[in-house]
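Asks: Let me begin by handing over the structure; questions about it come next.
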Amino acid sequence: MPGNGHHDVNASDKSKQFLKYATEYHAPVLCNDVIEGLITDSDGIYLDATFGGGGHAAALMDALGAESLVIGVDQDLEAIEQGRSRLGAEIETGKLILVSGNFARLEEIVAEYAPGKIDGVLFDLGVSSHQLDVAKRGFSHRSEGPLDMRMNTDSALRADAIVNTWTFSELVRLFRINGEEPRAPAIARRIVNVRPISTTRELAEVVRKSVPELRESKTLARIFQAIRIGVNEELDMLEQGLHAAANVLKPKGRLVAISYHSLEDRRVKRFLRTGNFEGRLERDIYGNPIRPFRELTRKPVSASEEETGVNSRARSARLRIGEKTSAKESGVAQSGAVH
Ligand SMILES: C[S@@+](CC[C@H](N)C(=O)[O-])C[C@H]1O[C@@H](n2cnc3c(N)ncnc32)[C@H](O)[C@@H]1O
């Protein structure tokens, strides 16, 4: 379809959606599964909590009807600005609203732009290819950039503050918890001994020197991921975002979440199954489970070989779908809790 800035691929070929909506900014993963998992009403209201390059949003709008609305949210202003130019026509016709903000605030965003309950929320977690590709954003150990890593460039905490001021034990904890890195103490010790460290390359060099050559690339990925998660408070934001999504969805509305590592996927899975992050299922006095979602995917959906062949990022993607339960099943008091 014209106007969405995507490649010219036969629209009827669903298996090629991942090519059709890809741009230089970002290639959306599992596009077809997102659309099929998310849409329950073709004239409904949907919120894309991680707009990024707008690939999923564009695919969603192509699949939706004339009365539908998509709200695209991203905390990175570059994503919003790029979206305004890619999807300007859809903004003009009122089919798309772009909001710069954190998805932890999505209840406020829905209250402002589409008061009432909505039909679907999409989370495609982590960073976009654009954020990794632009060296000055400091996300990648492959290029030389400042130690920044903020998705929201207005926020106060940058990666250099973590690397240069956190104590040895704080760094070990960060690398262990957010990076699941077994060599956390050795890496933290070397950082503390050599700092200040001011660029991504310098940090990569310090990490490389702390581990055997064979493990370099895995360790680099883990340490950069750990710091990035810390800078953007990604796990706290995810927990807040999932709770907020549960509060804005209609019964039978859908939550679709794509995770890229086990720390994200574990939270999404537990929340969809139990409504909390400990995985503790509560029951009413009759033994019925009390939970905000029913998980529709017992096993997460992953990308086809065809897709991973053209988009290596899709390799780690795990997609889960939850269907919002009724107010009673969610354990919400009946008096006017659902509009
Ligand atoms: C993987 S990309 C999304 C790509 C998008 N689905 C597409 O098709 O182009 C993730 C995006 O989510 C944004 N993001 C991550 N955490 C966020 C949060 N807590 N609030 C708002 N945006 C967030 C990032 O800035 C990034 O642009």
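Asks: For the chain, I need the span (max minus min coordinate) of the C-alpha atoms along each principal axis, in Å, sorted largest to smallest.
Replies: Computed over the Cα atoms, the extents are 58, 55, 38 Å.
Asks: Mind pulling up the Rg/Rh value for the range 18-106? Radius of gyration and Kirkwood radius, both on Cα.
Replies: 0.93
Asks: Oh, and also: Around Val99, which amide H atoms from residues at least 5 apart in sequence, or from another chain, sit under 5 Å from its own amide H, with H modelled in the peptide plane?
Replies: Here the answer is Gly72, Val73, Asp74, since their amide H atoms fall under 5 Å of that of Val99.
Asks: How big is the gap, in Å, between the Cα center of the range 46-66 and the Cα center of the range 184-231?
Replies: The two parts, judged by their Cα centres, are 36 Å apart.
Asks: May I pose another question? Let's test this: bin the Cα-Cα distances of the range 135-232 at 5 Å from zero up to the farthest pair and state each bin's percent.
Replies: 2, 16, 27, 29, 18, 6, 1, 0
Asks: OK, next. Which angle from 0 to 90°, rounded to the nearest 10, does the C-alpha axis of helix 234-248 make with the longest principal axis of the chain?
Replies: 10
Asks: On to the next question. Lys136 to Ser326: FRET efficiency via 1/(1 + (r/R0)^6), r the Cβ-Cβ distance, R0 35 Å, to the nearest 0.05?
Replies: Taking R0 as 35 Å, the efficiency between Lys136 and Ser326 is 0.10.
Asks: Using the Cα centre of the chain as the reference point, and only Cβ charges (+1 on K/R, -1 on D/E), how large is the resulting charge dipole? Debye, rounded to the nearest 20.
Replies: It works out to roughly 1440 debye.
Asks: Which whole-Hz couplings ³J(HN,Hα) result when phi for each residue of the range 309-323 is put into the Karplus expression 6.51 cos²θ - 1.76 cosθ + 1.60, θ = phi - 60°, listed in order with x for Gly and Pro?
Replies: x, 9, 9, 5, 4, 5, 4, 8, 6, 10, 9, 10, 10, x, 9
Asks: Tell me, what is a quarter of the convex hull surface for the C-alpha atoms of the range 277-320, in nm² with one decimal? Provide the component values of the computation, followed by the final result.
Replies: Values: hull surface 17.0 nm².
Its average projected convex-hull area is 4.3 nm².
Asks: At 7 Å along Cα-to-Cβ for each site, give me the label-to-label distance between Arg190 and Asn288 in nm.
Replies: 5.7
Asks: Please list, in chain and number order, the residues 5+ apart from Ala22 or on another chain whose amide H is under 5 Å from its amide H, with Hs placed from the backbone.
Replies: His7
Asks: Follow-up question, since we're still on this one. Quickly rank 156-169, 38-51 as a protection proxy: mean count of other C-beta atoms within 10 Å, highest first.
Replies: On the way: 156-169: 15.4, 38-51: 22.1.
Top of the packing list down: 38-51, 156-169.
Asks: Here's something else I'd like to know. Could you tell me what percent of the DSSP beta bridges with both partners in the chain are antiparallel, to the nearest 5?
Replies: The answer is about 40 percent antiparallel.
Asks: I'd like to compare 128-141, 275-288: which one has the highest average count of other Cβ atoms within 10 Å, and what's the full order after that?
Replies: 128-141, 275-288
Asks: Still on this structure: Provide the per-residue ³J(HN,Hα) series for the range 94-107, in order, calculated from phi with Karplus coefficients 6.51, -1.76, 1.60 and θ = phi - 60°, each as a whole number of Hz, with x at glycine and proline positions.
Replies: Result, rounded to whole Hz: x, 7, 9, 10, 9, 10, 8, x, 8, 5, 4, 9, 5, 5.
Asks: Under 1.5 on a/c is rounded, so check that first for the range 177-273, then, if it is not, pick prolate when a/b is larger than b/c and oblate when it is not; a ≥ b ≥ c are the square roots of the alpha carbon gyration tensor eigenvalues.
Replies: prolate
Asks: Classify the range 70-109 as rounded, prolate or oblate, taking a ≥ b ≥ c as the square roots of the eigenvalues of its Cα gyration tensor: rounded when a/c is under 1.5, otherwise prolate if a/b is larger than b/c and oblate if not.
Replies: oblate
Asks: Out of residues 5 or more away from Ile290 or on other chains, whose amide H comes under 5 Å of its own, with H placed 1.01 Å from N in the peptide plane?
Replies: It is Glu282, Arg283, Asp284, by chain and number.
Asks: Any chance you could tell me what percent of the C-alpha pair distances in the range 153-193 go past 12 Å?
Replies: Pairs farther apart than 12 Å: 56 percent.
Throughout, read-outs are computed from the coordinates displayed, never taken from laboratory work. In this text the structure is predicted, and so the values were computed from the model without any measurement. Neighbour counts run over all protein chains shown; Cβ positions are idealised from the backbone, glycine included.
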